[in-house]
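Worksheet: the structure to be examined is printed underneath.
Please treat every number below as a calculation from the coordinates, not as lab data. What you are looking at is a predicted structure, and each value in this text was computed from that prediction instead of being measured. All Cβ positions, even for glycine, are placed from backbone atoms using ideal geometry, and neighbour counts span all protein chains on display.
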Amino acid sequence: MQRYFSKQKKDNNFILSDNDLHHIKTVMRMKDKDQIEVVYNSELYICELCKDNISIINKEEKDEVVLPNVSLVIPLLKEQKLDLILQKATELGVDTIYITKTERTIVKVDAKLDSKIKRWTAICKEASEQSKRNTIPNIVYLSSLNQTIELDGIKIVCSTQKNVNKFKSFLQSINKYDKLIIVIGPEGGLSLKEEDFLIENGFKQITLGNQILRVETVPISVLSIINYEFME
């Protein structure tokens, strides 16, 4: 059953965006009496198409694995790699994605930042619908990596240095954690200056193993480990 997100409710009907209505009618070729799932205020509803209305049939109970709130801080990357991270991180349960510049960032931010954030959010919305999530990750742009020290939570930086604690061991060593802030570097990693700055401001170094992963692989690995730990 197809899932969509709604921000408006009127009486017993949900109001969907024009793009979603186009997808329902033109792409999926749905007809009256066909059913869809609609998420409204993080709650799931089963609905029925009735002429131009999305009518509520019943509300579904939540049945989700409770994961810690996870925020990823990722570098501004070329479109294809960034799109992949947004999609896969959403599927794996990320709550917030902070996109920022680093010393080794190549891609420049232009005057179209607002439209880019809108596009990035649309990618996350589609991935949330596909993966049957009840929430859509927040997308936030940070003008500087320095702003990460203002974020609340257990702060982690993915490192390529030697003699660093493995991520799984780090998670198991913490008695309680409700929110994780995880910084991931660009191609070539964070500079030593950047990593030292984060460590001086409360970030803990972790490694994902001996292999050097591509930047777009790291978020998938990180979130997969978190999912595994909480689904055992």
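Here the simple spin-label model places points 7 Å from the Cα toward Cβ, and for residue 42 and residue 140 these points are separated by 1.6 nm. Taking each DSSP H run with n ≥ 4 as -39500 (n - 2.57) and averaging over every residue of the chain yields -8500 deg cm²/dmol at 222 nm. Backbone phi angles across the stretch 31-40, fed through the Karplus curve with coefficients 6.51, -1.76 and 1.60 (θ = phi - 60°), yield HN-Hα couplings of 10, 4, 6, 5, 10, 9, 9, 10, 9, 9 Hz in residue order; Gly and Pro are listed as x.
With an 8 Å Cα cut-off and a minimum separation of 6 or more residues, compute the relative contact order for the chain in percent. If you can, show how the numbers build up before the last one.
On the way: 376 pairs, mean separation 47.8, N = 232.
Relative CO of the chain lands at 21 percent.
Applying the Karplus relation 6.51 cos²θ - 1.76 cosθ + 1.60 with θ = phi - 60° to the stretch 173-186 yields 3J(HN,Hα) values of 7, 9, 6, 8, 8, 9, 9, 10, 10, 10, 9, 10, x, x Hz, where x marks Gly and Pro.
What angle do you read, to the nearest 10 degrees and between 0 and 90, between the alpha-carbon axis of helix 79-91 and the longest principal axis of the chain? It works out to around 70 degrees. Couplings 3J(HN,Hα) of the stretch 15-24, computed from phi: 10, 9, 5, 4, 4, 5, 5, 5, 5, 5 Hz, in residue order, whole Hz [Karplus 6.51 cos²θ - 1.76 cosθ + 1.60, θ = phi - 60°; x for Gly and Pro]. For residue 44, the amide hydrogen comes within under 5 Å of the amide hydrogens of 60, counting only partners 5 or more places away or on other chains and with H modelled in the peptide plane. Relative to the longest principal axis of the Cα atoms of the chain, the long axis of helix 113-130 lies at roughly 70 degrees.
Across all C-alpha atoms in the stretch 22-151, the radius of gyration and Dmax reach 17.7, 55 Å. Shape summary of the chain, radius of gyration then Dmax from alpha carbon positions: 19.8, 63 Å. According to the Cα-based calculation, Rg over Rh for the stretch 135-191 is 0.98, with Rh computed by the Kirkwood formula.
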